[in-house]
1. Please state which of the following conditions A:Thr104 fails to meet, knowing it meets all the rest: (1) within 26 Å of B:Leu108 (Cβ to Cβ); (2) within 11 Å of chain B (Cβ to nearest Cβ); (3) in contact (Cβ under 8 Å) with a residue 24 or more places away in the chain.
2. If A:Arg42 passes every condition in (1) more than 8 Å from DNA strand D (Cβ to nearest atom); (2) part of a helix (DSSP H, G or I); (3) assigned by TED's automatic domain parsing to the domain that holds A:Pro19 but one, which one does it miss?
3. Six or more apart or on different chains, Cβ atoms under 8 Å: show the pairs whose first residue is in the range B:37-59 and closer than 24 Å to A:Arg117 by Cβ and whose second is more than 7 Å from DNA strand C (Cβ to nearest atom) and at pLDDT below 95.
4. Do we find that B:Arg83 is away from DNA strand C (no atom under 11 Å from the Cβ), in contact with an Asp or Glu (Cβ under 7 Å, 6 or more places away or on another chain) and free of Cβ contacts under 8 Å to residues at least 12 places away in the same chain in this structure?
5. Restricting attention to helices (runs of 4 or more DSSP H) lying wholly within the range B:54-114, give those where 3 or more residues are within 16 Å of DNA strand D (Cβ to nearest atom).
6. Pick from the range A:155-164 the residues that are part of a helix (DSSP H, G or I) and more than 7 Å from every other protein chain (Cβ to nearest Cβ): which of them is nearest to B:Leu164 (Cα to Cα)?
7. Could you check, for the range B:41-58, whether at least one of its residues is closer than 21 Å to B:Ala128 by Cα, within 12 Å of DNA strand C (Cβ to nearest atom) and crowded, with 18+ Cβ neighbours inside 10 Å?
8. Need the failing condition index for B:Ile91 against (1) more than 16 Å from DNA strand C (Cβ to nearest atom); (2) among the β-branched types (Val, Ile, Thr); (3) loosely packed, with under 14 Cβ neighbours inside 10 Å, just the number.
2 protein chains.
Amino acid sequence: MKKLSSRSSQRKAEEKSNPRAAILDATERIMLEAGYAAVSSRKVATRAGLRSQLLHYYFRTMDDLFIAVFQRLEDQHDEHFARAAASDHPIRELWKLSMNPASTGLVLEFTALATHRKAIRALIERSARRDRSMHVAAITGIMGRGGIGAQDLSPAVGLSPTVLALLMASVARTLVTESALGVSDGHAEMLAFVERQLRRMESR
Amino acid sequence: MKKLSSRSSQRKAEEKSNPRAAILDATERIMLEAGYAAVSSRKVATRAGLRSQLLHYYFRTMDDLFIAVFQRLEDQHDEHFARAAASDHPIRELWKLSMNPASTGLVLEFTALATHRKAIRALIERSARRDRSMHVAAITGIMGRGGIGAQDLSPAVGLSPTVLALLMASVARTLVTESALGVSDGHAEMLAFVERQLRRMESR
DNA sequence: GTCTATAGGCCGATAGAC
DNA sequence: GTCTATCGGCCTATAGAC
């Protein structure tokens, strides 16, 4: 639970000869480029400029490594979420956050990984629930402050904070996944639709 | 390209001693239960009641196997899609189809697999595009026949066939993925929301 | 902390007999 | 088509020297 200054230690971990952070960085990069299944102690070590046995000194098992990567990711996500929710255009910033290719891509890899890694599964499950409830709470707060219109979007159709949170998360995931695959059919139209909804919500 | 009677050869492949179909079935089951990364020639063979070397007789490489599984899946999907689109309640049936845990789960595994398997990638990419355009075409047709209301859903908010297709696909994927993970927070509310929209669309 | 060395396992794929 | 046998490779993880 040590909160190592995530701001400074993040980027150039290798140059600063911080092996632990270099391993985490390398793991993330491999997951994004080639998927979780491509993560092996040897490949990660090579990427980080280390020998594979050293990886086992910092992380005894590969599960330990995956867990550490995920927890760092979650800490960063919490920071970004708090900043977005506290901004002048919270809905728009939350949407932007969900559309971040790196973090969303990693979450999707971890979700896939959870399918068949028992030790990971509980972690992801808890995180997914927490994230959903944080979004619902944030949207509820924004609606309460009149930040979202209770107009034709809300009452007639019945768009609750829960439904809106799930819609935003779903669409963002699809757009990010498909983009990574090189498929973007209909994306421009969807982004224009989202933009229209954001403007509508913000015009309160 | 041989169209082997997909109806009859599907289910009890092992009992009928149809090794090829038994291998395809076993691969699908492993992908759904443990993810694409858990698929190995030995595990598939064991599940199918065969020796692993025999797998290489029917499918020279593992890529060949994955491709065959996907193509069978796509053929089945086409059948189901056509039946749904031609039914009395096409939108509802298309939604049901998207919510099928098995087929949607497999598609998600293949999408993840495509990230780092060159031979698979092109296949999935083409299929994703085709599926999107089929859905858009179907929804356009339904709207044209007055099967979907052009009311508050459509014009004011700007819900086009493309946007509706992307929304449906996105939400269904999220619900299926999260359910598989054991997370269902907000799902009941979302399903109720969808049901309300379906009724609204059908009341034409 | 970092090194060398290595145990022990599962993997994809092929050769060749029947 | 199905069998036996097997090669070479990459994997996780540990032991033990420095």
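1. (2)
2. (1)
3. Filtered contacts from the range B:37-59: B:Ala37/A:His116; B:Ala38/A:His116.
4. Details: away from DNA strand C (no atom under 11 Å from the Cβ): yes; in contact with an Asp or Glu (Cβ under 7 Å, 6 or more places away or on another chain): no; free of Cβ contacts under 8 Å to residues at least 12 places away in the same chain: yes.
When the stated conditions are applied, B:Arg83 does not pass them.
5. On the way: elements: B:62-85, B:90-98, B:101-114.
Filter on the range B:54-114 gives B:62-85.
6. First, pick out the residues of the range A:155-164 that are part of a helix (DSSP H, G or I): A:161-164.
Restricting the remaining residues to those that are more than 7 Å from every other protein chain (Cβ to nearest Cβ) gives A:161, A:164.
Working: A:Pro161: 20, A:Leu164: 15 Å.
That would be A:Leu164.
7. Looking through the range B:41-58, none of the residues is closer than 21 Å to B:Ala128 by Cα, within 12 Å of DNA strand C (Cβ to nearest atom) and crowded, with 18+ Cβ neighbours inside 10 Å.
8. Looking at each condition in turn, B:Ile91 falls short on (3).
The values are calculated or read from the model by the stated rules, or taken from the named source; none is laboratory data. Fair warning: this is a prediction, and the values are worked out from it, not measured in the lab. Note: ideal-geometry Cβ built from the backbone for every residue, glycine included; neighbour counts use all protein chains shown.
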